[in-house]
Amino acid sequence: MLQKDTALSDTALENDTSASGEDGTRRDFLYVTTAAFGVVAAGAAVWPLVDQMNPDASALAMASTEVDISAIESGQSVTVKWRGKPVFIRNRTDAEVEAAKAVPMDELKDPQTDVERAVEGRENLLIMVGICTHLGCVPLGDAGDFGGWFCPCHGSHYDTAGRIRRGPAPLNLVIPPYEFMSETSLRIG
Amino acid sequence: MRFKDNTMTTFLTKTVATATLIVGMAFSGAAIAASELHVEEQDWSFAGPFGKFDQAQLQRGFQIYTENCSACHSLNLLSFRNLMQEGGPGFSEAEVRAIAAEVSVLDGPDSDGEMFDRPGRLADRFPSPWANEEQGRASNNGAYPPDFSLLAKARAATRGFPTFVFDIFTQYQESGPDYIYGLLTGYSADVPADVEMLPGLNYNPHYISGVQIAMAPPLSADQHEYSDGSPQTVDQYARDVAAFMMWAAEPHLVERKAMGFRVLIFLLIFAGLLYLTKRKVFASVKH
Amino acid sequence: MSGHSSSYDPQNGVMKWLDARLPLPRLVHDSFVSYPVPRNLNYAYTFGGMLSIMLVVQIITGVVLAMHYVASADAAFNSVEHIMRDVNYGWLLRYVHTNGASMFFIAVYVHIFRGLYYGSYKEPREVLWILGVVIFLLMMATAFMGYVLPWGQMSFWGATVITNLFSAIPLVGESIVTWLWGGFSVDQPTLNRFFSLHYLLPFMIAGVVILHVWALHVTGQTNPTGVEVKQKSDTLPFTPYATIKDAFALVVFFVVYAWFVFYLPNFMGHPDNYIPANPLVTPAHIVPEWYFLPFYAILRAVPDKLGGVLLMFGSIAVLFVLPWLDTSKVRSASYRPTYRAFFWVFVVVAIVLGWLGSKPAEGGYVIASRIFTAYYFAHFLILLPLLGIFEKTKPLPGSITESVLGDGGSKGGSAMPSGAAASPETKG
């Protein structure tokens, strides 16, 4: 029934690959462009899938926290929640502030003066994110070898200015953005 | 070969026609379910492939909502911060802060365990006029004023065959605002003789569930003062608040349509390239 | 997964090493590169590939949406709106997923009707066909449970109506429904288990798809002539030929998909589902999603509760035995003029059933539903067995190659006019 050689698929492929010159260049250009479009399409499709895991609009718009600080006596600490994290507010005693100011810079792993960590004029108030900079545990107050904070997870010691003094943590406790709204009120964030 | 192509073309033509019909069925079903209501199509700035919300209109609509509708209708899914997001009414952050601060929000408990009131902030939701649905019903003769957050998408008019097929190509998606506009401007004092009005209800032939609606005509001319010189008519008020409700129901509409245009252009070029590639690949093969 | 002898030849040491231990590249090469496909496949055959892509799209967007969705009767509706309003690209992901379900069904219906037209279910592809029907059933279950998750009015009442179908079972029906609900109405436990199953079932579909493709690669594809592959010249290698054709068809399909996602995202949904579920108020008229409408019409065609349920499940069950109901020796409708006419009648009947499913169950609609339901079953149970015996079929071409080249023998060709010469396909 078949009167002629119909093995077209093989010959077709050979013809295709043996094509050369201008025609071949044009064809290659077409193939490359098409493939590039495919790559762009895949990339564009992946981005929404990745970005959806970033904080959403409601998390970004999370309200700042306002705290009444009038009730914090000298030597006392309170912990408030800001963006789901604990924030330590410590009304330091004068002795603690003096001790912090007396530390020479070369003893510090992450050198920062006490003045850089508290607001001038209200330097008794120390406001820090209560998260150990090592692996995220919450350090204990009034503990450790430097009279400040001590992280029980892996033994990081912080001084009375919340600076890292000994242990695996690389950085001082983080100071969040904050401002004093009035004598008695503080807004974090 | 001739033979095969013929059947294939037939198959494809008929398949496409079939698919279109089946898709259409969806809407016919949906629309009929909503009601046998017909509404007049209005011109909206946000219709069509390049549709955008008119910021001034949304601001006016928001004004109508706050001055008028918000006395009975909640807007539970929206926060004040939404008012300044892209594609919306375009208020500045300072303006929105001021709007929010006028509202008192129940917060707490404080360190003494007491709840307290404070001025609203950007992240707060719009306050509901009712503590709960029961209170809303009790204050309105048993009819709960529906929440506005999604109303523009939760109402639709009957389109019917073959209109709903054309809708696929004309991108008609404004049934909700058309309905809201129709309802707000549709009140009539001329009650037909065959309609026996129940006490406390108002005649409105544009209402989705019957012609008697519990809501009294909410708008009247010159009731609200527009600062931008727009006409202070019931028609304009209704149009503005319907647009605002469409934005509230679909806040990403502008972004969606803009992205859609880019995606479609890209896909069409990509399809063209693939078609040419396919032709090259099959150039020397009979199939 | 390939029925032909392997032509895979690993080029370097690493690939040789891997080939001797886990010949996965060989499997892929044999199944999707060198795999021979009939050279005369038309665009109706590109929907299978599309469907696997759609499954992947649905699984990926679904997994991502599940990162934000909350399966709680109190929070589900608002969590969906949270996705729509606040989550980065959340509106896009949700619209791609909801419209994806509809596009999935559009593709699967074309795929099924293609199988019916070209007799793809006939020997030796019965198992392939049955696996396909299993996938179809799993898809319906998945889509139904997914539609419940946003916990809108149509979600809630759709779930109530469909789970109540099982109460038609004699004696144990009520207990089964209570068991399905985990309570005495559709409520929190129902929503939670539907979410769990909606997450599970797509992976079961993926499993059956693998079997489906395996079975396909054992028997090889059918083709528009229905004549089996006989020689090498009847086929082309899968890559690049089928790959590029499938890719082109897929992107065209995506154009339509994108049109709906970006411009008409709620066209195929129901406005009532933007109203939170209210167990005390039933919507005026409950309709399922469009892809269930024909079956819904069959359900309502019968005045008896159990009868309606049995008939509805029967309308799908009949597909399982289809390979044995069709007695014709000729596979493709191209050579079965009478069957071809009845095929298109059947397509129209299915569409009209869908339309009836969207109408209220009253008056003339019910009568029409009964007539068309009767025809639906008659098509499979009476027409197909009889046609095979009485139909006068056209002569088949000797081979695919012969039909493609056209001049292989005048007796094998057809008397059809070459009206399709202008179609882009022939220029290929």
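We did not get these values from a lab; they are worked out from the coordinates using the rules stated. Quantities reported herein were computed from a predicted structural model and do not represent experimental measurements. So basically every Cβ, Gly included, is an ideal-geometry build from the backbone, and we count neighbours across all protein chains shown.
Solvent-free Debye calculation, one equal scatterer per alpha-carbon of chain B: log10 I(q)/I(0) at 0.12 Å⁻¹ equals -0.91. Length available on full extension from C:I53 to C:I316: 0.36 nm per residue minus the Cα-Cα distance, which gives 92.2 nm.
The aspartates and glutamates whose alpha-carbon is closer than 19 Å to the alpha-carbon of C:K329, local same-chain residues fewer than 8 away aside, are C:E123, C:E126, C:E228, C:E391. What's the longest piece of chain A with no exposed trypsin sites (Lys or Arg not before Pro), counting a site as exposed if DSSP puts it in a loop and it has at most 16 other beta carbons within 10 Å? The longest uninterrupted stretch comes out as A:5-82.
When you filter the GluC sites (Glu not before Pro) in region A:109-179 for DSSP loop state and at most 11 other Cβ atoms inside 10 Å of their Cβ, you are left with A:E120. All C-alpha to C-alpha distances of chain A, sorted into 5 Å bins beginning at zero, yield P(r) values of 1, 7, 12, 13, 12, 8, 6, 4, 4, 3, 3, 3, 4, 4, 4, 4, 3, 2, 1, 1, 0, 0 percent in whole numbers.
With label points built 7 Å along Cα→Cβ from the Cα atoms of B:S230 and A:S77, find their separation and express it in nm. Result: 5.5 nm between the two label points.
For the residues of C:40-53, the average number of beta carbons from a partner chain within 10 Å of their own beta carbon is 2. Between A:K85 and B:E133, the FRET efficiency from the beta-carbon distance, with R0 = 30 Å, is close to 0.25. Equivalent-ellipsoid semi-axes for chain C (Cα gyration tensor, √(5λ), whole Å, largest first): 40, 29, 20.
Say a paramagnetic label sat at a point 7 Å from the Cα of C:I371, along Cα to Cβ; which residues of region C:340-360 have their backbone N under 20 Å from it? Correct set: C:342-360. For the residue pairs A:K81/B:K52; B:K280/C:K122; B:K278/C:K232; B:K278/C:K16; C:K122/C:K232, the C-alpha atoms sit more than 30 angstrom apart in A:K81/B:K52; B:K280/C:K122; B:K278/C:K16. Between 0 and 90 degrees, the angle of helix C:76-85 with respect to the longest Cα principal axis of chain C falls at about 60 degrees.
If R0 is taken as 41 Å, the Cβ-Cβ distance between B:D112 and B:S45 corresponds to a FRET efficiency of 0.20. The mean number of partner chain beta-carbon atoms within 10 angstrom of a residue's beta-carbon across peptide B:120-128 is 2.
Other protein chain C-beta atoms within 10 Å of residue C-beta, averaged over A:40-47: 2. For the pair C:L200 and C:Y8 in one chain, pulling the backbone fully straight at 0.36 nm per residue adds 65.6 nm over the alpha carbon distance. Helices that extend 24 Å or more along their long axis by alpha-carbon positions and average at least -1.0 on the Kyte-Doolittle scale are, among the DSSP H runs of chain B, B:2-34, B:253-281. For helix C:153-164, what angle does its Cα long axis make with the longest principal axis of chain C, in degrees from 0 to 90 and rounded to 10? Compared with the principal axis, the helix lies near 80 degrees. Using the Cβ-Cβ distance between A:A143 and B:K52 with R0 set to 51 Å, the FRET efficiency from 1/(1 + (r/R0)^6) comes to roughly 0.30.
Along chain C, counting only trypsin sites (Lys or Arg not before Pro) with a DSSP assignment other than H, G, I, E or B and at most 14 other Cβ atoms inside a 10 Å radius, the longest segment between sites is C:1-229.
Each label point was placed 7 Å from the Cα along the Cα-to-Cβ direction; for A:E66 and A:V50 their separation is 4.0 nm.
Against chain C, whose longest principal axis is taken from its Cα atoms, helix C:126-148 shows a tilt of about 30°. Shape class for region C:143-234: prolate, because the ratio a/c of the largest to smallest gyration tensor axis (alpha-carbon atoms, square roots of eigenvalues) is 1.5 or more and a/b beats b/c. The alpha-carbon positions of the protein assembly as shown define a convex hull whose volume is 248 Å³ per residue. With the helix formula -39500 (n - 2.57) applied to DSSP H stretches of n ≥ 4, chain C reaches a computed 222 nm mean residue ellipticity of -19000 deg cm²/dmol. Extension gain, C:L24 to C:L386: 0.36 nm times the residue separation minus the Cα-Cα distance gives 125.7 nm.
Taking each DSSP H run with n ≥ 4 as -39500 (n - 2.57) and averaging over every residue of chain B yields -14500 deg cm²/dmol at 222 nm.
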